[in-house]
Amino acid sequence: MTKAIGLFSGGLDSMLACRVIMEQGIEVTAVKFVSPFFGYDLLADEEGFARRMRAKYGITAVVRDVSGPYLEMLADPPHGYGKHFNPCIDCKILLLQHARQMMAEMGAEFLITGEVVGQRPMSQRRDALRIVERDSGCEGLLLRPLCAKNLPPTPMEEKGLVDRERLFDFKGRSRHGQMALAARFGISDYPSPAGGCVLTDPQLGERIGRFHREYPRVTVADARLLLVGRQFRLPAGGWLVLGRNQGENNRVAALLTPDDWLVKTVDRPGPLGVLRYATDEADRQLAAAIVARYAKKIPDQPVAKVLFQHGEEEVVVDSGPVDDGTIAALRR
């Protein structure tokens, strides 16, 4: 049986691309690539994700982590960023490169994506589609089933592996054709087309971009911590992240690494924080004052007791709240 690998975002277009090719009797494995900026939580339950995709959409899906190479690419994408901190062209190139490397492992003869000509302004222009195919090394290997009739025939179509007449000519931003096709496949429960990459978010994109400029090397643990809570860049290089509510306190605590300080008040309700890259005592003192600023105010007790915990080491610092001007200068 002919086999193909599909790049699977989990959105409607990638679902449909897989199903269109599966309908021609081709075995498709949908690969969900993940990084700290999209889909990372799936690594905690890869088998559950595969079961859900099979049950809901009839698609065989696997999860692959590309966090390391993704962060390297993000620091200096050859084709630049989009409107925010989104390297959409180089992201697609990277994912296709990894999919191409999987072809021998899975016995696949070609790759498919759910791209549609003209749907996205940066990465799905006609010229951008050609760049992605060329720079990923996937010329002659990549089929885009949803817009194939708007593009030159691929070797897969010319060799008869895929029937071109059963492919589609979708283009532009309209979703009507995809929605009708989804109804034909019996797919009704699918995500909205808003996109799942936080790098396209104006505020988060700016935060992540600034962090990349201020810190020379960004780790996976850093990238995950960037997505939660209030963030502060301290003068000597420390980085403080505070939860804004109990849910975020829990998320921040879950992202603690062995090199971090856990920070919290011990004499009143307040935020839980992670202090990272703090090698200077002045940064710890300032972190205590920031925590005190967001802790509950107690009449006649302006000084809060702030606990710093690092493994077995514990230090309690008495601190009053920092002023709002300093807060504004340090926020990221």
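The values are calculated or read from the model by the stated rules, or taken from the named source; none is laboratory data. Note that this is a predicted model, so its numbers are computed, not measured. Don't worry about glycine lacking a Cβ; one is built from the backbone with ideal geometry, like all the others, and counts go over all protein chains shown.
State yes or no: is residue 185 touching a residue at least 24 places away in the same chain (Cβ under 8 Å) and in contact with a Cys (Cβ under 9 Å, 6 or more places away or on another chain)? It would help to see each step written out before you state the result.
Numbers: touching a residue at least 24 places away in the same chain (Cβ under 8 Å): yes; in contact with a Cys (Cβ under 9 Å, 6 or more places away or on another chain): no.
When the stated conditions are applied, residue 185 does not pass them.
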Please find, within the range 260-292, the residue that is nearest to residue 330 (Cα to Cα) out of those that are free of Cβ contacts under 8 Å to residues at least 40 places away in the same chain and acidic (Asp, Glu). 281
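Yes/no per residue for (1) under 26 Å from residue 168 (Cα atoms); (2) assigned by TED's automatic domain parsing to the domain that holds residue 160; (3) of a type in the set (A, V, I, L, M, F, W, C); (4) in contact with a strand residue (DSSP E or B) (Cβ under 8 Å, 6 or more places away or on another chain):
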position	(1), (2), (3), (4)
9	yes, yes, no, yes
13	yes, yes, no, no
23	yes, yes, no, no
26	yes, yes, yes, yes
64	no, yes, no, yes
109	yes, yes, no, yes
Taking residue 306 as meeting all but one of (1) outside any strand (DSSP E or B); (2) buried (at least 22 other Cβ atoms within 10 Å of the Cβ), write down the number of the exception. (1)
Look at residue 64 and say whether it is modelled with pLDDT under 95 and not in a helix (DSSP H, G or I). no
Within the range 15-27, residues closer than 13 Å to residue 60 by Cα, in contact (Cβ under 8 Å) with a residue 60 or more places away in the chain and surrounded by fewer than 24 Cβ atoms within 10 Å (Cβ to Cβ) come out as 19, 26
Exactly one condition in (1) in contact with a strand residue (DSSP E or B) (Cβ under 7 Å, 6 or more places away or on another chain); (2) surrounded by fewer than 18 Cβ atoms within 10 Å (Cβ to Cβ); (3) among the hydroxyl-bearing types (Ser, Thr, Tyr) is false for residue 70; which is it? (2)
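Of the residues 257, 200, which is farther than 20 Å from residue 330 by Cβ, of a type outside the set (D, E, K, R), surrounded by fewer than 13 Cβ atoms within 10 Å (Cβ to Cβ) and touching a helix residue (DSSP H, G or I) at 6+ places or on another chain (Cβ under 9 Å)?
Matching residue, one of 257, 200: 257.
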